[in-house]
Each structure stands twice: as structure tokens, then as C-alpha cells.
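Asks: My questions all concern the structure below.
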Amino acid sequence: MAQKLKIGIVGYPTYGGSGVVATELGKALADKGHEIHFITYSQPVRLGAMKKNIRYHEVNVSDYPLFLYPPYELVLASKMVDVVKYEKLDLLHVHYAIPHASAAITAKQVLADEGINLPVITTLHGTDITLLGKDASFEPVISFAINKSDAVTAVSQSLRLDTYKLFGINREIEVIPNFINIEKLDFPNKEETRKEYAPNGEKILVHISNFRPVKRVLDVVEIFARVRAEMPAKLLFVGDGPDRTKAEALCRELKICDDVIFLGSVKNPTEALSVADLFLLPSESESFGLAALEAMACEVPVISTNTGGLPEVNRHGVTGMMSHVGDVEDMAKNAKYLLSDETRLAKFKLKARERAIEFSIDKILPQYEALYNSVLEIV
Ligand code: GMT
């Protein structure tokens, strides 16, 4: 029988791909009988009900007048040391390099001094490498943390190559793609929800993101305006963030507000996806595009850019279509091409779902378990 492990998981508990992956991975490992300890500053959004073999350790940084910047990384490292020692963890799996990987390496060094070996597995997610990490103010520490981890994974081949390009890396990085829990996707009240958003049978386009500039939400509005000019359609925006105000202003300027619904942050985007005909993801950069995979799992074809890891997920002409970053004309043309022919759209929907199944959790989870076993030298 496979050995059950005690695993510490560290990630961002908020909305966002890396936090979703860390949380869903922990839940799936717990379902397989491993004991999971989440170490984060608040309870992960997707954690849901607590389970017998899931524990959550909160990292609290106390306020002190001397601190202009609260030292979260030090408190996190100390918490890691404490949890590893007293819960007798076998390993730590940290998601997102900044500051989780560097805090884990500090914890590893503290524990080594006490004769405790702490294997650290680091998973790179994207913005930690392609946006923040390459900043000179982070680079040396991130390179060090990656080189000192016992194993490193990247969520796509594209991110793996970017990491080698941008950092001084002298070790192997394994690609373990993101995954989806296909079984857990259910679509309650689909017809009712569809009627609520598109009462006259309009096509529904959806965008989900954190509205950071890298997501190019203004391009989403521009694409939608071109589609809507030619057919009845509604756009659902799910999420919130810095560029939401600009997106709202552009909708007003283009006089399309009646057909654009800003839903804000929702815990589970499946409901919006379950009624969607197309998913729009015109990102500037995207190491994987978990939101696109979630859409595909809900049978929604994806109109995206061809940047980063997106071509590893979205298949042009099969599960959706891809264009160069910023080419809103082409993305609008592609959207209209899919939406204007029911038979074609149905074929793309089917293929999107089939492709998503290739990333189902039961295919990806064993890859993480094998990595844990190899680091722990369990045969
Ligand atoms: O996209 C973001 O801004 C959030 C970011 C995160 O850390 O949560 O997402 C990154 O990690 C996801 C999970 O691995 C990937 O699916 C996203 O493509 C990646 N985002 C970028 O590379 C911009």
C-alpha cells in the first residue's frame, strides 16, 4: 500500500490560480489519505468544509511601531519550523516563489541546524517568475530558493523555459501541469441562470480574472463590443481588481452597459461558466491559464491570446482559437466565427471538454505523489 504522508502546503489563500491549485491539490491529497497542513495568512478561499485529515495553521504578523513593513516572510518561516517540528511533517510543498520558496528555504536551514531534514518542493506559477521574479530586487533570492529546493515544478513547459531564461538556475525543473477536478463540477439550475442573464436567448461570453493589467480586460470589452454589434450577446465579468473601473468606463463610452454584467468576486465561478458560450482570455502573459481550463471543463470554448502556456492548454481550431496579444479585431472575428454556427460551436464545446479531461486531477495527482516519493526516497 502507498505510504501516507504528512504534507505542509503553503500558498496564497486568496482568489487566483496559484491559490486554487494549492488548495485543490491539498484537498485531493487529503481524499487519498494523506494528512495535509495548510500554512497561510487566512483560510484558503476554496478550502470549504474542514475534513478530518486537513489542518489549517494561520500565520499572524504582529504589528509593531518599528515595522514600516511587517516581516511576513520571517513569521511564515518560523511558523513553518514550528509546524514541521510539532506535527512531524514529511515535507513542505510551497506554491509561488515569492515569498513562499525563500521562507521555506530559511525554515529548512533552521531545521537542519537542529538535525531535522525538511524536503522542500517549490511549484512556480507564473507571475512569480515572469513579472515579479525577474525584477532585480527579487532575483538573487528567488534564484537561490529555486536552486536550494529539493524539487521544483513549473505549471507549463513555457514557464519552465522562462525560468531558465530569467534566472541563474542550475537544476532540473519538472513540468507538472495544472489540473481540474472534473467530477466536482456540477451545473445547478443551468436553464434558470441562463434566462436570468440572457432572457432573450442572447449568446453569453464570460471573462474571469483578477483584473490586473496583465489580463487586458479592456481588450475583453473591445472584443465584446465588436461581437455585440453583429449579434445579440451578453458579457459576464467575474472577479475584481485594479482595472475594473477602466473596464466599466469603457463600457459606458461604447454604450454597451446594458449588455455587460460585472458580477464581482464569486467563490465558485462554475455557475457563470455553466451558462457560457465562449470564454475570453486576451492576456498579455499567462503561464498556464487555469481559468481557461476551468471554462473548457464546463464545455466552454476559449478565445485567447497565444502567449506563454496558453497554447499548451487551448488548441487553436479545436477547443477555441488564439490570436496575438492586443489583436482585438482577430479575437472578435474568431468569436463571431464560433458563435455564428450552432453546429460548429457544439463541436468546439465537446472538444473543449475532452481536452480538459486530459488535465483531470486523477491524471496529475499521481505525478505529485511520485515526486514526493522520489524526494523522500520512498520506493
Ligand atoms: O494570473 C494571475 O495574475 C494570478 C496568478 C496566480 O499566481 O495565482 O496566476 C498564475 O498562476 C496560475 C496557476 O498556476 C496560472 O494558471 C496563471 O496562468 C498564472 N498567471 C500568469 O502567468 C499571468
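Asks: Return the residue satisfying two criteria in turn: it lies in the range 253-292 and is aromatic (Phe, Trp, Tyr) and in a strand (DSSP E or B), and of such residues it is nearest to the ligand (Cβ to nearest atom).
Replies: Here the answer is PHE279.
Asks: Here are some residues: ALA352, ALA295. Which one is within 16 Å of the ligand (Cβ to nearest atom), surrounded by 18 or more Cβ atoms within 10 Å (Cβ to Cβ), assigned to a helix (DSSP H, G or I) and in the same structural domain as LYS190 (by TED's automatic domain parsing)?
Replies: ALA295
Asks: Look through LEU290, LEU281 and report the one residue that is under 15 Å from GLY16 (Cβ atoms), open to solvent by 10 Å² or more (accessible area, probe 1.4 Å) and at pLDDT 95 or above.
Replies: The conditions single out LEU290.
Asks: Inside the range 27-45, can you point out the residues that are part of a loop (DSSP other than H, G, I, E, B), away from the ligand (no atom under 12 Å from the Cβ) and touching a residue at least 60 places away in the same chain (Cβ under 8 Å)?
Replies: Correct list: LYS32 only.
Asks: Right, another one. Can you pull out the residues in the range 1-26 that are within 16 Å of the ligand (Cβ to nearest atom) and open to solvent by 10 Å² or more (accessible area, probe 1.4 Å)?
Replies: If the condition is that a residue be within 16 Å of the ligand (Cβ to nearest atom) and open to solvent by 10 Å² or more (accessible area, probe 1.4 Å), then TYR12, THR14, TYR15, GLY16, GLY17, SER18, VAL20, GLU24 are the ones that fit.
Asks: For the range 169-196, give me each residue that is away from the ligand (no atom under 16 Å from the Cβ) and modelled with pLDDT of 95 or more.
Replies: GLU172
Asks: Could you count how many residues in the range 145-157 are touching a helix residue (DSSP H, G or I) at 6+ places or on another chain (Cβ under 7 Å) and either assigned to a helix (DSSP H, G or I) or away from the ligand (no atom under 15 Å from the Cβ) (or both)?
Replies: The number of residues fulfilling the criteria is 7.
Asks: Of the conditions (1) surrounded by fewer than 16 Cβ atoms within 10 Å (Cβ to Cβ); (2) within 13 Å of the ligand (Cβ to nearest atom); (3) of a type in the set (Lys, Arg), ARG160 satisfies every one except a single condition; which number is it?
Replies: (1)
Asks: What are the residue pairs meeting all of these: first residue in the range 228-241, first residue of a type outside the set (Asp, Glu), second residue open to solvent by 70 Å² or more (accessible area, probe 1.4 Å), Cβ atoms under 6 Å, and 6 or more apart or on different chains?
Replies: GLY241/ARG212
Asks: Applying the selection to the range 355-379, what residues are in a helix (DSSP H, G or I) and in contact with a strand residue (DSSP E or B) (Cβ under 7 Å, 6 or more places away or on another chain)?
Replies: If the condition is that a residue be in a helix (DSSP H, G or I) and in contact with a strand residue (DSSP E or B) (Cβ under 7 Å, 6 or more places away or on another chain), then ALA356, ILE361, LEU371, TYR372, VAL375 are the ones that fit.
Asks: Additional query: Check off (1) within 16 Å of the ligand (Cβ to nearest atom); (2) out of contact with any strand residue (DSSP E or B) (no Cβ under 7 Å at 6 or more places or on another chain) for HIS95 and give me the number that stays unchecked.
Replies: (2)
Asks: Right, something else. Of the residues ALA225, ALA247, ALA229, only one is open to solvent by 60 Å² or more (accessible area, probe 1.4 Å) and among the small types (Gly, Ala, Ser); which?
Replies: Among ALA225, ALA247, ALA229, only ALA229 is open to solvent by 60 Å² or more (accessible area, probe 1.4 Å) and among the small types (Gly, Ala, Ser).
Asks: Within the range 195-222, which residues are without any contact (Cβ under 8 Å) to a residue 40 or more places away in the chain and either open to solvent by less than 10 Å² (accessible area, probe 1.4 Å) or not assigned by TED's automatic domain parsing to the domain that holds CYS298 (or both)?
Replies: Residues satisfying the conditions are PHE211, VAL217, VAL221.
Asks: To continue, here is another question. Can you work out which of the residues in the range 130-143 that are among the β-branched types (Val, Ile, Thr) and either near the ligand (Cβ under 8 Å from one of its atoms) or open to solvent by 70 Å² or more (accessible area, probe 1.4 Å) (or both) is nearest to GLY289 (Cα to Cα)?
Replies: Ranking the qualifying residues of the range 130-143, first place goes to THR130.
Asks: Among the residues of the range 106-124, are any among the basic types (Lys, Arg) and either in contact with a Ser or Thr (Cβ under 6 Å, 6 or more places away or on another chain) or on the phi > 0 side of the Ramachandran plot (or both)?
Replies: no
Asks: Only one of (1) of a type in the set (S, T, N, Q); (2) under 18 Å from the mean Cα position of the chain (by Cα); (3) crowded, with 20+ Cβ neighbours inside 10 Å is not met by GLN43, so which one is it?
Replies: So the condition that GLN43 fails would be (3).
The values are calculated or read from the model by the stated rules, or taken from the named source; none is laboratory data. All values derive from a computational prediction rather than experimental measurement. Reconstructed Cβ throughout: ideal geometry from the backbone, glycine too, with neighbour counts over all protein chains shown. Note: accessible area is taken over every heavy atom of the protein model, side chains too, but ligands, DNA and RNA are not part of it. Shrake-Rupley method; radii C 1.70, N 1.55, O 1.52, S 1.80 Å.
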